[in-house]
Amino acid sequence: MQATEKIWRNGSFIPWDDAQVHVLTHALHYGTGVFEGIRAYATPKGTAVFRLNAHLERLRRSAALYEMEIGLSTPELAAAIHETIASNGVGSCYVRPIVFRGYGEMGLFALNNPVDVAIAVWPWGAYLGEEALEAGVRCKVSSFRRYGPNTMPPAAKASGQYINSVLAKHEATRSGYDEAILLNEQGFVADGSGENVFVARDGVLYTPPTSDSCLPGITRESVIQMAQSLGYDVRVATLVRSDLYFADEAFLCGTAAEVTPIASVDGQEIGGRGPITKQIQEVFFATVEGRDERFAEFLEYPVTATVGT
Ligand code: PPE
C-alpha cells in the first residue's frame, strides 16, 4: 500500500509510522473492530467524499452492535475524515475509519477494553485492476459459505467477519480466478469477497436482498438508483448460482471495486462488460468525478465555516 503522512487517531494526527497497536490488542485476537471503506474523489469543486454520511451511519450501527462507544458525533467524524484527507494532500483516495477494542483485558468480555478510533487515507487505484474495468473479472463460486444473520450479522461491517472473505479470496486466487462469490448457508448468492453482485437478464437487473446475507452495500444502493434513473427495472431478488451462469451481463460493485464487470463465473463465460454495465459505469464515474449533476447529493464536501450571514 502507498503510505501517506498522517493518521488521525483518537482526536489527533500522528505520523503514519507511529500508528501502532500492542500485540495484545483485543481486536487483533478476537476481531472486535468495525470499519468502513469509503472513497474520496477529486472533482472540479475540490475533493468530495462519496456518500460519507451513509458510510458513517453504517459505522455507527456496526459499532452499536458490538457495544463500542465511538465518542464522536457523525458530523465530528465527517469533519475528521475531511481533515485527514486535506492534511495528507491526497485528492482521490480510499478512506478507512476503524473503531476497535484495544489493549487492556483478555477474554471475550470486551466491554472493559478501551475503544480506539482511527482514520487512515491513501491512494488506492482500481481494486481488481484497471484492465478489469473493461475486460471484467473471472469469478469462482466459493466452497466457503457466507455466515448467516444469526452467526455474525452481515449488515455490520466487523473486522472479524472478514476472515470468511479471506478464505474465499485465497481459494479463488489459488484456483486461478480473480474473485470469489459466496453463497449463503441456504445456497443462495450472497456477495463477493468484498463486493455486491448484480446480474442482468433480458434487460432487467437483479441483486440479492440483504436477507440473503450480503452486506447492505452503499455502492449497491447507489447503483440501484442510477440504474433506475437510466430506466432499468431493478429487482432485489434471491439468486441461485445458475442465475450467474445464465446472466446476459453481471458486475460486482463496492467502494473499493467501484463497478467491475464479471467476465465469467466458474469458467462459464458471461462475456465481460456489456452495454448495461457500461452505461452504469459511465453514470457512476461521471457522478464521483463531479461531471454529472443527477446524483450530486452523493458527493459530500467539507463544511466550510462561514463568517457572518
Ligand atoms: N460486500 C462485502 C463483503 C464488502 O466487504 C463490501 C465492501 C461490499 C459488499 C460493498 O459495500 P460498499 O462498499 O458499501 O458498497 N468492501 C470494502 C472492503 C474491501 C477491502 O478489501 O478492504 C470496500 O469496498 O471498501
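The values are calculated or read from the model by the stated rules, or taken from the named source; none is laboratory data. Computed from a predicted model, the values in this text were never measured in an experiment. Because the Cβ atoms are built from the backbone with ideal geometry, glycine has one as well, and the counts that use them run over all protein chains shown.
From Ser165, Ser159, Ser143, which residue is over 18 Å from the mean Cα position of the chain (by Cα) and assigned by TED's automatic domain parsing to the domain that holds Arg273?
The conditions single out Ser143.
Restricted to segment 255-272, and to residues that are in contact with a strand residue (DSSP E or B) (Cβ under 6 Å, 6 or more places away or on another chain) and of a type outside the set (A, V, I, L, M), which residue is nearest to Ser211 (Cα to Cα)?
For segment 255-272, the residue satisfying everything is Thr255.
Consider Ala286 carefully, then state whether it is farther than 22 Å from Glu57 by Cβ and not aromatic (Phe, Trp, Tyr).
In short, yes.
Restricting to segment 42-66, name every residue that is away from the ligand (no atom under 14 Å from the Cβ) and assigned to a strand (DSSP E or B).
Ala42, Thr43, Gly46, Thr47, Ala48
Being surrounded by 16 or more Cβ atoms within 10 Å (Cβ to Cβ), in contact with a Leu (Cβ under 7 Å, 6 or more places away or on another chain) and not aliphatic (A, V, I, L, M): is that true of Gly274 here?
no
Within segment 254-302, work out how many residues are in a strand (DSSP E or B) and in contact with a Lys or Arg (Cβ under 6 Å, 6 or more places away or on another chain).
3
Check Glu195, Glu131 and return the single one that is out of contact with any Asp or Glu (no Cβ under 8 Å at 6 or more places or on another chain) and closer than 21 Å to Ile280 by Cα.
Glu131
Within segment 148-163, can you find the residues that are among the aliphatic types (A, V, I, L, M) and in a helix (DSSP H, G or I)?
Ile163
Take Gly31 and decide whether it is touching a Gly at 6+ places or on another chain (Cβ under 6 Å), under 25 Å from Ala110 (Cβ atoms) and surrounded by fewer than 22 Cβ atoms within 10 Å (Cβ to Cβ).
Yes; evaluated as a whole, the condition is true for this residue.
Test Arg96 against the criterion of being within 12 Å of the ligand (Cβ to nearest atom), outside any loop (DSSP other than H, G, I, E, B) and touching a residue at least 60 places away in the same chain (Cβ under 8 Å), and give yes or no.
Here the answer is yes, as Arg96 does meet what is asked.
For segment 216-242, give me each residue that is closer than 15 Å to Leu183 by Cβ and within 15 Å of the ligand (Cβ to nearest atom).
Once the filter is applied, which keeps residues that are closer than 15 Å to Leu183 by Cβ and within 15 Å of the ligand (Cβ to nearest atom), segment 216-242 yields only Leu239.
Exactly one of these conditions fails for Ser229: (1) farther than 19 Å from Ala40 by Cβ; (2) without any contact (Cβ under 8 Å) to a residue 12 or more places away in the chain. Give me its number.
(2)
Would you confirm whether any residue within segment 123-137 is more than 13 Å from the ligand (Cβ to nearest atom), surrounded by fewer than 17 Cβ atoms within 10 Å (Cβ to Cβ) and among the hydrophobic types (A, V, I, L, M, F, W, C)?
yes
Taking the stated definitions as given, is Ala200 surrounded by 21 or more Cβ atoms within 10 Å (Cβ to Cβ) and either free of Cβ contacts under 8 Å to residues at least 60 places away in the same chain or within 11 Å of the ligand (Cβ to nearest atom) (or both)?
So Ala200 fails the test.
Being within 25 Å of Arg39 (Cα to Cα) and either within 14 Å of the ligand (Cβ to nearest atom) or within 15 Å of the chain's Cα centre (by Cα) (or both): is that true of Leu182 here?
Judged against the criteria, Leu182 is a match.
Could you tell me which numbered condition Ser211 fails, if it satisfies all but one of (1) within 11 Å of the ligand (Cβ to nearest atom); (2) over 15 Å from the mean Cα position of the chain (by Cα); (3) among the polar types (S, T, N, Q)?
Going through (1) within 11 Å of the ligand (Cβ to nearest atom); (2) over 15 Å from the mean Cα position of the chain (by Cα); (3) among the polar types (S, T, N, Q) one by one, Ser211 breaks only (1).
A quick yes/no check of all residues on (1) buried (at least 21 other Cβ atoms within 10 Å of the Cβ); (2) out of contact with any helix residue (DSSP H, G or I) (no Cβ under 8 Å at 6 or more places or on another chain); (3) among the charged types (D, E, K, R):
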| site | (1), (2), (3) |
| --- | --- |
| Gly46 | no, yes, no |
| Arg60 | no, no, yes |
| Leu72 | no, no, no |
| Leu108 | no, no, no |
| Asn112 | no, yes, no |
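Yes/no per residue for (1) part of a loop (DSSP other than H, G, I, E, B); (2) closer than 17 Å to Phe13 by Cα; (3) in contact with a His (Cβ under 9 Å, 6 or more places away or on another chain):
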site	(1), (2), (3)
Met68	yes, no, no
Leu72	yes, yes, no
Ala79	no, yes, no
His82	no, yes, no
Leu111	yes, no, no
